[in-house]
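The values are calculated or read from the model by the stated rules, or taken from the named source; none is laboratory data. Fair warning: this is a prediction, and the values are worked out from it, not measured in the lab. Here Cβ is always computed from backbone atoms with ideal geometry, including for glycine, and neighbour counts include all displayed protein chains.
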Amino acid sequence: MVKTKAESAEIAAFFEQWAIYEKVVSLGYMAHEEVFQALLDAVKDRPAGGRFLELGCGDAGMAAQLLKHCPHDVYHGADITGPVLGIAEKNLENCGAEVTLHHEHLLDFVRNADHSYEVIYAGYAVHHLSHEEKRDFFQHARKRLADGGCLLMTDVVLRPGKQREESIALYLDWIHRNWTEMTEREMALIDTHISECDYPEEIATLLSMAADAGFQAGETRWSDASGFHHLISFQR
Ligand SMILES: C[S@@+](CC[C@H](N)C(=O)[O-])C[C@H]1O[C@@H](n2cnc3c(N)ncnc32)[C@H](O)[C@@H]1O
């Protein structure tokens, strides 16, 4: 089922309340520091230079730090939430790469881009795509990678063997028990967003979609204690 424009607009509207997401990130609820270390580990031995594409870049806070450790010539970011790209622009000011930001659906961007990339990164964004869109995402991401290039993806996944509704209920239960600093109102918005806009897959499904697109076997490089958040790398 492909998402309608209204559903995509709903996702964008939520992330305009970026402050809530910033609070989640700053309290470590989605393990951004651990993700950063795992990401750094995945790219640190790659040759310097080349092009870095971030899909669903948000404020590009993590990429801005990463590029300081692993210099690239070019950074392209794409996100459907226009206002957050202004924050991304500021964060990327001294990242050392030539920066271009695109207010665009990530699937359209990766389908139509006329460049190849050494690294493509998508952090907590692909689970917003429908099942079919995710299939297309892997197909087009592989086509956009340069020889030897790598797709890195941090995302929310389904509990193995559980349907979406059941797994989302378990995820929300885990969030309610662990994200204790969120206010009632913030939690209500998070509940609605996750219930209506999140379409995670099992890790096995993501690995199989990537294999169908021609990627080498995916490697899980980081998982958190909840089992809901993972970083997977896929070599072209
Ligand atoms: C949970 S935030 C993650 C932000 C950042 N990548 C990170 O790891 O912290 C999800 C981001 O993906 C963006 N997003 C969701 N669906 C998208 C789509 N179809 N195309 C482009 N961006 C999308 C949202 O606007 C938001 O900025």
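Of note:
- Residues of region 148-205 that turn out to be touching a residue at least 60 places away in the same chain (Cβ under 8 Å), closer than 21 Å to residue 133 by Cβ and aliphatic (A, V, I, L, M), as a count: 5
- Which numbered condition residue 55 misses (of (1) in contact with a His (Cβ under 8 Å, 6 or more places away or on another chain); (2) touching a residue at least 60 places away in the same chain (Cβ under 8 Å); (3) surrounded by 21 or more Cβ atoms within 10 Å (Cβ to Cβ)): (1)
- Filter pass, residue 215 being aromatic (Phe, Trp, Tyr) and farther than 18 Å from residue 31 by Cα: yes
- Scanning region 127-147 for residues that are within 12 Å of the ligand (Cβ to nearest atom) and not polar (S, T, N, Q) returns 127, 128, 129, 133, 134, 136, 137.
- Helices (runs of 4 or more DSSP H) lying entirely in region 162-236 (those with 3 or more residues that are of a type in the set (A, V, I, L, M, F, W, C) and under 18 Å from the mean Cα position of the chain (by Cα)): 184-197, 203-212
- Test: residue 98 is surrounded by fewer than 19 Cβ atoms within 10 Å (Cβ to Cβ), in contact (Cβ under 8 Å) with a residue 12 or more places away in the chain and not polar (S, T, N, Q): yes
- Boolean, residue 169 is of a type in the set (A, V, I, L, M), surrounded by fewer than 20 Cβ atoms within 10 Å (Cβ to Cβ) and either at pLDDT below 95 or in contact with an Asp or Glu (Cβ under 6 Å, 6 or more places away or on another chain) (or both): no
- Given (1) more than 19 Å from residue 199 (Cα to Cα); (2) part of a loop (DSSP other than H, G, I, E, B); (3) within 15 Å of the ligand (Cβ to nearest atom), number of the condition residue 57 does not satisfy: (1)
- Test: residue in region 105-126 that is within 9 Å of the ligand (Cβ to nearest atom), in contact (Cβ under 8 Å) with a residue 60 or more places away in the chain and in a helix (DSSP H, G or I): yes
- Within region 60-84, being near the ligand (Cβ under 10 Å from one of its atoms) and either touching a helix residue (DSSP H, G or I) at 6+ places or on another chain (Cβ under 7 Å) or at pLDDT below 95 (or both) holds for 60, 61, 62, 77, 78, 79, 80, 81, 82, 83, 84.
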